[in-house]
Amino acid sequence: MSNRPALILSVLLVAQGGAFHGLARRAELAPVRRPLSEFPTVIGDWHLLREGVIEQEERDVLRADDYLTRQYAAPGKTASLFVAYFQSQRAGQTPHSPKNCLPGSGWSWSAADEIPVDIAGRAQPIVINRYVVAKGAERAVVLYWYQSRDRVVASEYQAAAFTAWDALRYNRTDTELVRVVTPVTQNGVEFIQAFFAKLQLR
């Protein structure tokens, strides 16, 4: 039973590869979008505190077509926002799950679940991942999800399945990985509710 998630993911990846192979001769549709560098520096009470930089070595591993890494602040609050955009996943350019990247950076997690987040203008809340992590005495909350078109997915398995579906139905495989990190004493949901509409893909 412990190997069941790996088996499910393997089946989905095979199906995804089959879909991509069948569409290899078709030019993939790329949505018209603004570069992430144009993402607002002021969002309600939140303002840009620091623009981050990803070193070339890390960018080579990430293989994203566009990315944003920033720290925002509001009165008494801070939040880090990371977004990686992948225009196509046909050539193996796929988001790296934070649950795999965080341990490699020295973080360990003590709790993990999925939480609903109400978003203005959406009939149903989005469901995202929540991880409580620690590195030494430092503790933080990591919130993340995968976003394609107007769809938000928490599960890596569902994200892979939807990618194959989008390739077959819409001839596109673009996606974003969105991650928010806050101190464990703060509520990152408020920050997500403030910026979410500005990151929606079409």
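The values are calculated or read from the model by the stated rules, or taken from the named source; none is laboratory data. Bear in mind that the values here come from a model prediction, so they are computed numbers and not experimental data. Virtual Cβ from ideal backbone geometry, glycine too; neighbours counted across all protein chains shown. We work out accessible area using only protein heavy atoms, side chains counted, and drop any ligands, DNA or RNA first. Shrake-Rupley method; radii C 1.70, N 1.55, O 1.52, S 1.80 Å.
With Cα atoms as the point set, the radius of gyration and Dmax of the chain evaluate to 17.2, 53 Å. For the chain, the solvent-accessible area works out to 56 Å² per residue, with a probe of 1.4 Å and every protein chain left in place. Distance between the 7 Å Cα→Cβ label points at ILE119 and GLU58: 2.5 nm. Charge dipole of the chain (Cα centre as origin; +1 on each Lys and Arg Cβ, -1 on each Asp and Glu Cβ, all else neutral): 420 debye, rounded to the nearest 20.
Using every pair of distinct Cα positions in segment 63-157, the Kirkwood expression returns a hydrodynamic radius of 15.1 angstrom.
Just the ratio, please: alpha-carbon radius of gyration of segment 21-105 over 2.2 N^0.38 Å, N its number of residues.
With N residues counted in segment 21-105, Rg over 2.2 N^0.38 Å equals 1.33.
Restricting to DSSP H runs of at least four residues, report the calculated mean residue ellipticity at 222 nm for the chain, -39500 (n - 2.57) per run over all residues, nearest 500 deg cm²/dmol.
Values: 5 runs with 56 residues, N = 202.
Theoretical 222 nm ellipticity from helices: -8500 deg cm²/dmol.
The packing ranking of peptides 94-101, 109-116, 80-87, 172-179, highest mean first, is 172-179, 80-87, 94-101, 109-116, where packing means the average number of other beta carbon atoms within 10 angstrom of each residue. Element breakdown for segment 81-202 at a 1.4 angstrom probe: carbon and sulfur atoms account for 50% of the accessible area.
Dividing the mean sequence gap of close Cα pairs (under 8 Å, 6+ apart) by how many residues the chain holds gives a relative contact order of 23 percent.
Loop-resident GluC sites (Glu not before Pro) (DSSP state other than H, G, I, E or B) in segment 30-75 with no more than 15 further Cβ atoms inside 10 Å of their Cβ: GLU55. Between the Cα long axis of helix 4-22 and the first principal axis of the chain there is an angle of about 60°, rounded to the nearest 10.
Along each principal axis, taking the top coordinate minus the bottom one, the Cα set of segment 118-177 gives 48, 26, 15 Å in descending order.
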